[in-house]
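The structure appears below as C-alpha cells.
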Amino acid sequence: MLRSLVGSEMCIRDRYQRRVRGFGVGSMTIKVTIKWGKEKFSDFEIDLDAGIPALRENIFNLTRVPIEAQKIFPKKGKVLKDDSDLSSFGLKDGSTVSLMGSATEQVATTVQADQELREGQKFVENMKDDELAKINQVYPTGLENLQNTCYLNACLQNLRNIPEIMEALQTFTPAQGADATNQQFVVALRALFEQMSAGGDAVTPYMFVSLFRRMFPQFAQMQTVGQGQQIYMQQDADEAWGTLNRVFQTTITGPEYEGNNLYDHLFGGEMQTELSCIENPDETNISSEPFWKLSCYMDKEVTFVTAGVMKGMEGTMEMTSRTLGVPANFMKTSRISKMPRYLVIGFNRFDSKTIKQTGPGDSDKVVGLKILKPVAFPFVLDIYQLCCADQKSVLDVERRKLEDIKEAELAARQATGTLLEQRACDLSPEEAAAELERLKAEKMGTAAPSEAEGAAAEAMDVAEPAPAEGNTTAMEEDRSASVPLGYYDCVGVVTHKGRALSSGHYQGFVKNEKGSEGEWLQYDDDEVIPRTEADIKNLHGGGDWDTAYLVIYKTRFSLP
C-alpha cells in the first residue's frame, strides 16, 4: 500500500521513538541494530510479543521502506515471513537484523497529488500471486538443492548473471536438423531462468536436473551411505561449468556470434605458444591455439592470481628436435594473443598424494588433497603481462589514447575554471561551454580557430566549418569505446568449502549490477544473502571456509 510521507526526517525519527516507547510494560522487548545497506540504526526496540505487522510498521517509520518491499533477515540467511515466530530466531540485546528494500520518495500533500495517488494505488489483497512475487522479490531467487546439486546451482547462478547469455536464451529458436536433445536442454534452461526471474520462493529445478543427469550420466553417479542408502554423489563445479557451456557451443549458433557460437563468442580466446630448443636456440616453433579458461597453479611462491596463471604459461618439455634429430629439452612460453570477452580463471586447488603402506601385501593408498593456500584475486584484473608482444603493442596504443583524452579533459576544465573566474561577467553559459571545448581540442592538438582568427576569416568572407555534433575531438573519434584495454571486472565467483573434491559444499557469488555500488549476492542454494566487496575479498582462501574455485571476469572498456 502506498503512503504519503510528510515532514522532515527528524520528525519521522521522533515519531518512531514515541511509538516504540509506548510498548506495554509487560511485553518482551529487546534492543537490536538494524543494518540497512550502509546505514545502521542501533537501539531499535523489538517487542517479541507484538507480532510481525508491528515490527514491519516500526521499520517503515524508521527507514521509509514500504512494508510490502521489506525483506528482513533476523538471522544470517533466514528471511522473516509473516507467519514466522520472532522468538524462534534467537534474537537478543545487541543482535543485528539486516534489512533489504528501497525507501519510497516523499510525496507532495496537495489534493491533486493525493487524488492521483489514490487512483493509482493497488491493494495487496487484490493482487495476483505473480504480482505479489515481483513486489516482494528484491533479488533473483535461489535454487533448491536436489541431493548434492550445489555444484550445479553455483554454476547456474553465475551463468544467469551474464546478460549476453540471458539475451541469447530469450532469442533462441530451435533449428531444424540440429541435435534435438541439446535443443531441449537449452529450452529447459531458458524456462528455469524465467522461473527464477519471476521471483517468489526458491525454485525447485527438478525437471532441469533430471534432464541434466540423463544427458550427462557422469553427474548421475550414486554412492552408498548409512544403512545402504543410495544418494547422488558430489560433483566437480569446474566440470559442470564446462559441460553447460559446451551445450551452448554446439546448440546456440549463428553468424551473429564470433566463432559462430555463443560459447566461443563470450569465453573464447587465443594463446600464442613459442617452443624454443634449449640445446639449439635457433630452433623455434610458434603456434596458436584456442582457450576458454586459464588455470591458476599453486605453489609456495604464488600469492596472486596472475603469478599462478603465469606458472602454467611457462615451463619445459621434452620432444624430438627437427634439427638435432634426437629428443631435446624445449622451453615453452605461452601468451594471450586474443582476449576473450569473459575471462574464466580456475584455481587448481585439488591434488593427490600417495601414502606408503607398511603392512605386508598392502598396496599404496592415493588420497585427495585440497590446497588451502590464500591466493588473492582483484576486482579489476590487468592481464597486460599475460599478453604476447603484438597484443601488448595494441594495448599500449589504446591505453595511451584514453589517458590523453582524460588528461585533455582535466586540463581543459582547469583552464576553463580559471578563465571563468577571471571573466565571470563576460562569458555566457554557452560561451563558457564553447571555450571548454576549444581548450580541450587545443590540448589534443586539434585546436579550433581563436576569436581573432575567426574574425579575420569572417572579414575575408571565408565560411568557418561548423563544429561537429557533440564537439567530439579527433582523438575521441579515433578510439572506439568497444576496443579492449586488457582490464577485466570481477563479476562472479564459484567457491568450494571442504577438504576433498568429492565432498564439501559449493556456493555462487555474483556481482549485483542492478544494486548499489559494490553490492554482491551470495547464493547458498535456496538462500540469497547480500554481500559486500569486503566479503568477496575473504574468498581468497587460507582456511577451511568458502574459497574461490572459479572466478569470472568481464571485459572493461575504461581505465581503472
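The values are calculated or read from the model by the stated rules, or taken from the named source; none is laboratory data. Source: prediction; values computed, not measured. Here the Cβ positions follow ideal geometry from the backbone for every residue, glycine too, while neighbour counts run over all protein chains shown. Side chains are part of the model used for accessible areas, which takes the heavy atoms of the whole protein and leaves out ligands, DNA and RNA. Shrake-Rupley method; radii C 1.70, N 1.55, O 1.52, S 1.80 Å.
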Worksheet item: (1) at pLDDT below 65; (2) open to solvent by 60 Å² or more (accessible area, probe 1.4 Å); (3) within 40 Å of the chain's Cα centre (by Cα): which one isn't true of residue 440, the others all being true?
Response: (2)
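Filter the range 505-530 for residues that are touching a helix residue (DSSP H, G or I) at 6+ places or on another chain (Cβ under 7 Å) and surrounded by 18 or more Cβ atoms within 10 Å (Cβ to Cβ) and give the result. Working first, answer last.
The first filter runs over the range 505-530 and keeps only residues touching a helix residue (DSSP H, G or I) at 6+ places or on another chain (Cβ under 7 Å), leaving 505-510, 518, 520, 523, 525.
Result: 506, 507, 508, 509, 510, 520, 523, 525.
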Practice prompt. Considering every residue within the range 310-325, establish whether at least one is at pLDDT below 95, in a strand (DSSP E or B), charged (D, E, K, R) and farther than 25 Å from residue 393 by Cα.
Written response: yes
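Going by the structure shown, is residue 353 open to solvent by 30 Å² or more (accessible area, probe 1.4 Å) and more than 30 Å from residue 489 (Cβ to Cβ)?
On the way: open to solvent by 30 Å² or more (accessible area, probe 1.4 Å): yes; more than 30 Å from residue 489 (Cβ to Cβ): yes.
Yes, satisfied.
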Fill in: Unique residue being crowded, with 17+ Cβ neighbours inside 10 Å and farther than 29 Å from residue 525 by Cβ when the list is 60, 73
60
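Tell me, yes or no, whether the range 347-359 has at least one residue that is modelled with pLDDT of 90 or more and closer than 23 Å to residue 486 by Cα. I'd like the intermediate steps shown before the answer.
Here is the first cut: in the range 347-359, the residues modelled with pLDDT of 90 or more are 347-349.
Adding the requirement that they be closer than 23 Å to residue 486 by Cα leaves 347.
Looking for residues that are modelled with pLDDT of 90 or more and closer than 23 Å to residue 486 by Cα, one finds at least one in the range 347-359, hence yes.
Quick one: count up the residues across the range 236-245 that are charged (D, E, K, R) and buried (at least 16 other Cβ atoms within 10 Å of the Cβ). Quick ask: steps written out before the conclusion?
At the first step, the residues of the range 236-245 found to be charged (D, E, K, R) are 236, 238-239.
After this cut, where a residue has to be buried (at least 16 other Cβ atoms within 10 Å of the Cβ) as well, the list is 236, 238.
Here the count works out to 2.
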Worksheet item: What's the number of the condition residue 298 fails, among (1) open to solvent by 70 Å² or more (accessible area, probe 1.4 Å); (2) in contact with a Gly (Cβ under 8 Å, 6 or more places away or on another chain); (3) aliphatic (A, V, I, L, M)?
Response: (1)
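Could you please find all residues in the range 251-272 being part of a loop (DSSP other than H, G, I, E, B) and open to solvent by 20 Å² or more (accessible area, probe 1.4 Å)?
255, 256, 257, 258, 259, 260
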Practice prompt. Could you list, in sequence order, all residues of the range 126-151 that are over 15 Å from residue 77 (Cβ atoms), modelled with pLDDT under 60 and within 23 Å of the chain's Cα centre (by Cα)?
Written response: 134, 136, 137
Worksheet item: What is the one condition in (1) within 27 Å of residue 508 (Cα to Cα); (2) touching a strand residue (DSSP E or B) at 6+ places or on another chain (Cβ under 7 Å); (3) open to solvent by less than 20 Å² (accessible area, probe 1.4 Å) that residue 283 does not satisfy?
Response: (1)
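Here is a yes/no grid of residues against (1) over 16 Å from residue 150 (Cα atoms); (2) touching a residue at least 40 places away in the same chain (Cβ under 8 Å); (3) not hydrophobic (A, V, I, L, M, F, W, C):
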| site | (1), (2), (3) |
| --- | --- |
| 186 | yes, yes, no |
| 194 | yes, no, yes |
| 197 | yes, yes, yes |
| 204 | no, yes, yes |
| 217 | yes, no, yes |
Fill in: Residues being under 25 Å from the mean Cα position of the chain (by Cα) and open to solvent by 30 Å² or more (accessible area, probe 1.4 Å) - total across the range 204-235
1
Discussion item. I'd like the full set of residues that are in a loop (DSSP other than H, G, I, E, B) and aliphatic (A, V, I, L, M), limited to the range 176-203.
Written reply: 178, 198, 202
Worksheet entry | Sole exception among (1) part of a helix (DSSP H, G or I); (2) more than 30 Å from residue 539 (Cα to Cα); (3) among the polar types (S, T, N, Q); (4) at pLDDT 95 or above for residue 245, by number | (2)
Worksheet entry | Tally of residues being without any contact (Cβ under 8 Å) to a residue 12 or more places away in the chain and either within 13 Å of residue 276 (Cα to Cα) or touching a strand residue (DSSP E or B) at 6+ places or on another chain (Cβ under 9 Å) (or both) across the range 309-326 | 2
Worksheet entry | Cross-chain or 6+ apart pairs with Cβ under 7 Å, the range 374-402 first and within 16 Å of residue 309 (Cβ to Cβ) and open to solvent by 20 Å² or more (accessible area, probe 1.4 Å), then hydroxyl-bearing (Ser, Thr, Tyr) and assigned to a loop (DSSP other than H, G, I, E, B) | 376/303
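Among the residues of the range 41-56, are any within 28 Å of the chain's Cα centre (by Cα) and within 21 Å of residue 530 (Cβ to Cβ)?
Kept after step one, since they are within 28 Å of the chain's Cα centre (by Cα), are these residues of the range 41-56: none.
No, the range 41-56 contains no residue that is within 28 Å of the chain's Cα centre (by Cα) and within 21 Å of residue 530 (Cβ to Cβ).
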Fill in: Contacts under 9 angstrom Cβ, first residue in the range 343-357 being over 25 Å from residue 267 (Cβ atoms) and small (Gly, Ala, Ser), partner part of a strand (DSSP E or B) and modelled with pLDDT under 95, 6 or more apart
352/366; 352/367; 352/368; 352/369
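Residues checked against (1) in contact with a helix residue (DSSP H, G or I) (Cβ under 8 Å, 6 or more places away or on another chain); (2) under 30 Å from residue 103 (Cα atoms); (3) surrounded by 21 or more Cβ atoms within 10 Å (Cβ to Cβ):
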residue	(1), (2), (3)
146	yes, no, no
157	no, yes, yes
169	yes, no, yes
173	no, no, no
188	yes, no, no
202	no, yes, no
Worksheet item: Looking at (1) open to solvent by 20 Å² or more (accessible area, probe 1.4 Å); (2) polar (S, T, N, Q); (3) in contact with a strand residue (DSSP E or B) (Cβ under 8 Å, 6 or more places away or on another chain); (4) in contact (Cβ under 8 Å) with a residue 24 or more places away in the chain, can you tell me which one residue 87 breaks?
Response: (3)
Worksheet item: Looking only at the range 1-55, which residues are in a strand (DSSP E or B) and either of a type in the set (Asp, Glu) or at pLDDT below 85 (or both)?
Response: 39, 43, 45, 47
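Look at residue 415 and say whether it is surrounded by 15 or more Cβ atoms within 10 Å (Cβ to Cβ) and modelled with pLDDT under 85. Steps first, please.
On the way: surrounded by 15 or more Cβ atoms within 10 Å (Cβ to Cβ): yes; modelled with pLDDT under 85: yes.
For residue 415, the condition - surrounded by 15 or more Cβ atoms within 10 Å (Cβ to Cβ) and modelled with pLDDT under 85 - is met.
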Worksheet item: Can you pull out the strands (runs of 3 or more DSSP E) entirely within the range 485-560 that have at least 3 residues that are over 22 Å from residue 295 (Cβ atoms), in contact (Cβ under 8 Å) with a residue 40 or more places away in the chain and over 13 Å from the mean Cα position of the chain (by Cα)?
Response: 527-532
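Sort through 43, 82, 49 and tell me the only one that's open to solvent by 10 Å² or more (accessible area, probe 1.4 Å) and on the phi > 0 side of the Ramachandran plot.
Details: 82 fails: on the phi > 0 side of the Ramachandran plot; 49 fails: on the phi > 0 side of the Ramachandran plot.
Checking each option against the conditions leaves just 43.
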